[in-house]
Amino acid sequence: MDFETRIAEYLMHRNPDGGSVTIDQFARIHGGSSQQTYRLRATWNKDGAHREQRLILRQPPEAGMVEADNDLEYLVYSALNGVAIPVPVPHYMEQDAKWLERPFFIMDMMPGKPGHFYVPGDPYEGQGLKVAEAFWRHLGDLAKLDHRLPGLDRLRGAAETALHWRDELDFWEATLDAAEAGVEPVVRGAIRWLRANPPPAPAKPAICHGDYRSGNFLFLDDGSISAILDWEMCHVSDPLEDVAWAINSMWTMERHLPLAEGLAFWEEASGLKVDPLALDWWRLFTAVKCCGLWTNAEASFEDGINREMSIALTAVRATHFHHMEILDRMEKLGAMA
């Protein structure tokens with residue numbers, strides 16, 4: 001039985017009164033490194049009327065850059081749906097492997113185009129300024145939300161006793177410990193400095209996307225953002241963690257909007273102020289976290305668990321980039337004196 005037929009049978013199982021379902025326009029969306037993503041159209045007849053819905057199916061691979069609970073992203077979409085953050089409407093989370101061999105979830109396919117940071121030319125088709133303004137306002141809106149929204153108590157860092165900078169550093173150091181073929185002195189030196197020089201306390205705990213950057217949202221022709229995607233690294237932390245990630249030099253929006261103006265939009269939307277000392281700490285942390293991702297990606301490819309070339313190429317291309325960034329940031333922080 002082919003994949004499309006199995007999806008159709010699943011949708012009929014979920015909607016026993018909906019009649020026979022047909023799946024077409026089925027295609028894999030390549031480019032994601034932590035989830036396998038498919039688009040499809042479901043059509044059926046109900047009450048004598050033809051109906052159709054365009055959907056996205058997300059399913060974890062056997063291994064990738066990010067190892068997360070397979071239902072975490074679905075839980076986040078469910079919690080954020082209708083609370084001022086543009087996300088797809090989630091429909092079904094399925095853990096039973098009998099349907100598609102591994103867990104998966106289904107959500108609406110949202111309108112819009114991805115603005116990938118690695119494409120030549122203007123990724124936003126002349127709307128870069130409006131996209132960048134929306135990008136910062138939505139991140140500010142996210143920081144303003146109560147991190148205790150129903151359903152998010154399972155997020156890493158959600159406990160009231162969490163010490164976010166330490167917990168995140170522990171998490172990514174453990175990732176390196178598990179995946180690193182050999183100790184990288186640059187990364188380990190940065191970790192030691194980060195531990196010895198904790199950041200100022202956060203203004204408030206916040207829902208952190210974990211990978212908020214260009215390429216992880218859809219934009220419309222008018223420059224608005226229709227959906228923020230890829231929440232599988234979502235957790236609770238200092239909101240400046242997401243800010244620091246968003247301005248990493250590999251994917252920063254600064255070519256479309258100067259950083260000072262972007263941060264002003266964030267401050268206005270969030271009601272918070274950027275602490276420069278804290279932001280500097282999180283910017284160095286971002287480079288360490290990136291190295292954790294690339295190291296995990298390299299290990300999964302070399303072990304033969306994941307054969308996606310995007311995994312291998314990212315590990316090769318980005319590891320050196322962020323090693324150099326660590327050195328640059330440590331020099332600016334006086335950590336190499």
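Below are the figures for this structure:
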quantity: Breaking point among (1) closer than 23 Å to Met330 by Cα; (2) out of contact with any Gly (no Cβ under 7 Å at 6 or more places or on another chain), for Lys273; calculated: (1)
quantity: Of all residues in segment 107-125 being in a strand (DSSP E or B) and touching a residue at least 60 places away in the same chain (Cβ under 8 Å), the one that is nearest to Ala42 (Cα to Cα); calculated: Lys113
quantity: Trp99 being farther than 22 Å from Met250 by Cβ and at pLDDT 95 or above; calculated: yes
quantity: Subset of segment 3-21 that is among the β-branched types (Val, Ile, Thr) and surrounded by 15 or more Cβ atoms within 10 Å (Cβ to Cβ) - its residue that is farthest from Pro88 (Cα to Cα); calculated: Val21
quantity: Matching residues, segment 65-91, being in contact with a Leu (Cβ under 8 Å, 6 or more places away or on another chain) and outside any loop (DSSP other than H, G, I, E, B); calculated: Leu72, Leu75, Val76, Ala79, Leu80, His91
quantity: Candidates Glu180, Glu241, filtered to the one that is touching a residue at least 40 places away in the same chain (Cβ under 8 Å), surrounded by fewer than 23 Cβ atoms within 10 Å (Cβ to Cβ), touching a helix residue (DSSP H, G or I) at 6+ places or on another chain (Cβ under 7 Å) and of a type outside the set (Lys, Arg); calculated: Glu180
quantity: Criterion violated by Leu139 - all others in (1) in a loop (DSSP other than H, G, I, E, B); (2) of a type outside the set (Asp, Glu); (3) touching a residue at least 24 places away in the same chain (Cβ under 8 Å) satisfied; calculated: (1)
quantity: Members of segment 84-106 found to be out of contact with any Asp or Glu (no Cβ under 9 Å at 6 or more places or on another chain) and either closer than 14 Å to Asn216 by Cβ or hydrophobic (A, V, I, L, M, F, W, C) (or both), listed by number; calculated: Pro86, Val87, Ala97
quantity: Search result, residues across segment 207-260 that are assigned to a strand (DSSP E or B) and among the aromatic types (Phe, Trp, Tyr); calculated: Phe217, Phe219
quantity: Top-ranked residue in segment 143-167 [being in contact with a strand residue (DSSP E or B) (Cβ under 6 Å, 6 or more places away or on another chain) and on the phi < 0 side of the Ramachandran plot; ranked as surrounded by the fewest Cβ atoms within 10 Å (Cβ to Cβ)]; calculated: Ala158
quantity: Positions within segment 1-34 being closer than 26 Å to Ser214 by Cβ and modelled with pLDDT of 80 or more, in sequence order; calculated: Ala27, Arg28, Ile29
quantity: Single match in Tyr92, Tyr118, Tyr77 (criterion: surrounded by fewer than 19 Cβ atoms within 10 Å (Cβ to Cβ), within 26 Å of Ala297 (Cβ to Cβ) and not acidic (Asp, Glu)); calculated: Tyr118
quantity: Flag if Asp177 is in contact with a His (Cβ under 7 Å, 6 or more places away or on another chain) and in a helix (DSSP H, G or I); calculated: no
quantity: Residue within segment 209-219 that is at positive phi and surrounded by fewer than 20 Cβ atoms within 10 Å (Cβ to Cβ) present; calculated: yes
quantity: Selection count, segment 219-266, where residues are polar (S, T, N, Q) and within 14 Å of Phe117 (Cβ to Cβ); calculated: 3
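The values are calculated or read from the model by the stated rules, or taken from the named source; none is laboratory data. The structure displayed is predicted, hence computed values, not measured ones. A quick note on method: Cβ atoms are made from the backbone with ideal geometry, for glycine too, and the neighbour counts reach across all protein chains shown.
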